[in-house]
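Take a look at the structure set out below.
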Amino acid sequence: MSARVLSGKELAASIRSEATGQAAGLAAAGTPAKLAVVVATADESSAWYVRSIARAAEKSGIVCEIVDLGAEADPALIRDRLASLSADDTVHGIILQTPLPQGARLEDLAGAIAFEKDVDGANPLSLGRLAAGLPAFAPATAEAVVAILDHHGIDLAGRHVAVVGRSTVVGKPAAHLLLDRNATVTVCHSRTRDLAAVTSAADVVVAAVGRAGLITAEHVRPGAVVVDVGTNPTEDGGLVGDVDAVAVADSAGALTPVPGGVGPVTTALLLRHTVHAADRARTR
Ligand code: NAP
């Protein structure tokens, strides 16, 4: 048996096309949608990701400003910049890119992102509302996990999903979104005992760790669905996920590819969130 490939490209294209139409309407109404990405790192894979967001935004008619504060930026400077962008009426969406400089934590700084502009759901207020089942922008990657499963017709109600990783950016919000869809969710992390025993009992495995090849055939029961969120740069300039796709392909029922799975859907959702934020700002 060979696992069905759950591509994110088609879904991403349709979300981007919808965002492009909405962005054109906003521009025609005199309020072009604008996304600001605050960067304070020299990390190469982060730079690649930010460039891909900027390219996608521009293609969709969304203005994208990269605010590069440098890898040595002080947390106070980052917080001030987030506050000034939050107060700027021409900016509708704000992302604080990770990794951050030593001593700066996303959880501490993201509170300075205005809730209504928090298009990557990083402000603890957004995360708290998400956990409470109230409207808020979800972190785009976590939302992409559910969106890609929906797109491919994979039902979540009553199914056992093992999420590997408990970050506030991916693992925890993904667990909340999956619970909202009536999945039975187990969250695993670096202290989980016998990871393979836990994940191989699940119908769906979501890998969000950042370790190439962590999830192997022993972690996946035959026929299970595997969502690979990991993005690990390879020495030859490529990208691989957390899942050993070759080892898992024979037994898994379906698998998201890396690249071309969760990544493009994440970027497209950031654009969707930005045009929604711009639209709400216009009608407020
Ligand atoms: P992170 O903050 O470093 O969190 C990693 C999580 O994995 C932690 O909860 C950690 O557990 C857990 N972990 C580490 N080693 C483990 C092990 N051996 N077994 C089980 N769990 C383990 O990373 P993140 O920001 O969530 O990102 C995760 C991955 O997703 C990365 O590869 C990142 O590049 C990728 N990502 C992709 C997208 C996209 O659009 N495709 C977007 C964002 C992130 P502890 O909590 O115990 O330390």
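With the requirement that a residue be touching a strand residue (DSSP E or B) at 6+ places or on another chain (Cβ under 9 Å) and within 20 Å of PRO32 (Cβ to Cβ), what does segment 80-112 give you? Give the derivation first.
Of segment 80-112, the ones touching a strand residue (DSSP E or B) at 6+ places or on another chain (Cβ under 9 Å) are 81-82, 85-86, 88, 90-97, 106, 109-110, 112.
Correct list: LEU85, SER86, ASP88, THR90, VAL91, HIS92, GLY93, ILE94, ILE95.
So, in segment 267-284, how many residues would count as being more than 9 Å from the ligand (Cβ to nearest atom) and among the polar types (S, T, N, Q)?
Selection size over segment 267-284: 2.
For a quick check of your reading of the model, give me the residue pairs whose first member lies in segment 185-212 and is within 6 Å of the ligand (Cβ to nearest atom), whose second is assigned to a helix (DSSP H, G or I) and hydrophobic (A, V, I, L, M, F, W, C), with beta-carbon atoms closer than 6 Å and at least 6 apart or on different chains.
Listed by first residue and then by second, the contacts come to CYS188/LEU195; CYS188/VAL198.
Could you tell me which residue of segment 246-266 is farthest from the ligand (Cβ to nearest atom), considering only residues that are in contact (Cβ under 8 Å) with a residue 24 or more places away in the chain and either of a type in the set (Lys, Arg) or in a helix (DSSP H, G or I) (or both)?
Only one residue fits best here, namely ALA249.
Residues that are at negative phi and among the polar types (S, T, N, Q): which helices (runs of 4 or more DSSP H) entirely in segment 58-159 hold 1 or more of them?
In segment 58-159, 75-87, 124-131, 140-151 are the helices (runs of 4 or more DSSP H) which contain 1 or more residues that are at negative phi and among the polar types (S, T, N, Q).
May I ask you to say which residue of ASP244, ASP250 is more than 17 Å from ALA138 (Cβ to Cβ) and over 23 Å from the mean Cα position of the chain (by Cα)? Before the answer, list the steps.
Working: ASP244 fails: over 23 Å from the mean Cα position of the chain (by Cα).
Among ASP244, ASP250, only ASP250 is more than 17 Å from ALA138 (Cβ to Cβ) and over 23 Å from the mean Cα position of the chain (by Cα).
I need a count of the residues in segment 117-136 that are within 14 Å of the chain's Cα centre (by Cα), under 17 Å from SER167 (Cβ atoms) and touching a residue at least 40 places away in the same chain (Cβ under 8 Å).
Matching residues across segment 117-136 total 4.
Sort through THR199, THR231 and tell me the only one that's more than 17 Å from the chain's Cα centre (by Cα) and hydroxyl-bearing (Ser, Thr, Tyr). Talk me through it step by step, then tell me what you get.
Details: THR231 fails: more than 17 Å from the chain's Cα centre (by Cα).
From the options THR199, THR231, the qualifying one is THR199.
Does segment 165-174 contain at least one residue that is part of a loop (DSSP other than H, G, I, E, B), within 11 Å of the ligand (Cβ to nearest atom) and surrounded by 23 or more Cβ atoms within 10 Å (Cβ to Cβ)? Show your work before the answer.
Of segment 165-174, the ones part of a loop (DSSP other than H, G, I, E, B) are 165-170.
Next, from what is left, pick out any that are within 11 Å of the ligand (Cβ to nearest atom): 165-170.
Next, from what is left, pick out any that are surrounded by 23 or more Cβ atoms within 10 Å (Cβ to Cβ): 165, 170.
Yes, segment 165-174 has at least one match.
For every residue, the table says whether it meets (1) of a type in the set (Lys, Arg); (2) more than 20 Å from the chain's Cα centre (by Cα); (3) modelled with pLDDT of 95 or more.
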{"site": "SER7", "(1), (2), (3)": "no, no, yes"}
{"site": "GLU10", "(1), (2), (3)": "no, no, yes"}
{"site": "LEU26", "(1), (2), (3)": "no, yes, yes"}
{"site": "THR41", "(1), (2), (3)": "no, no, yes"}
{"site": "SER45", "(1), (2), (3)": "no, no, no"}
{"site": "VAL50", "(1), (2), (3)": "no, no, yes"}
{"site": "ILE53", "(1), (2), (3)": "no, no, yes"}
{"site": "GLU58", "(1), (2), (3)": "no, no, yes"}
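Considering only residues that are more than 17 Å from ALA71 (Cβ to Cβ), within 16 Å of the ligand (Cβ to nearest atom) and under 18 Å from the mean Cα position of the chain (by Cα), look in segment 96-116 and name the one that is surrounded by the fewest Cβ atoms within 10 Å (Cβ to Cβ).
Going residue by residue through segment 96-116, those that are more than 17 Å from ALA71 (Cβ to Cβ) are 107-108, 110-116.
Add one more test, that the residue is within 16 Å of the ligand (Cβ to nearest atom), and what stays is 107-108, 110.
Retained after the next criterion (residues that are under 18 Å from the mean Cα position of the chain (by Cα)): 107, 110.
Values: GLU107: 12, ALA110: 25.
Ranking the candidates gives GLU107 first.
The values are calculated or read from the model by the stated rules, or taken from the named source; none is laboratory data. Please read these numbers as outputs of a predicted model, since none were measured by experiment. For neighbour counting, all protein chains shown are included, and Cβ atoms are generated from backbone atoms with ideal geometry for every residue, glycine included.
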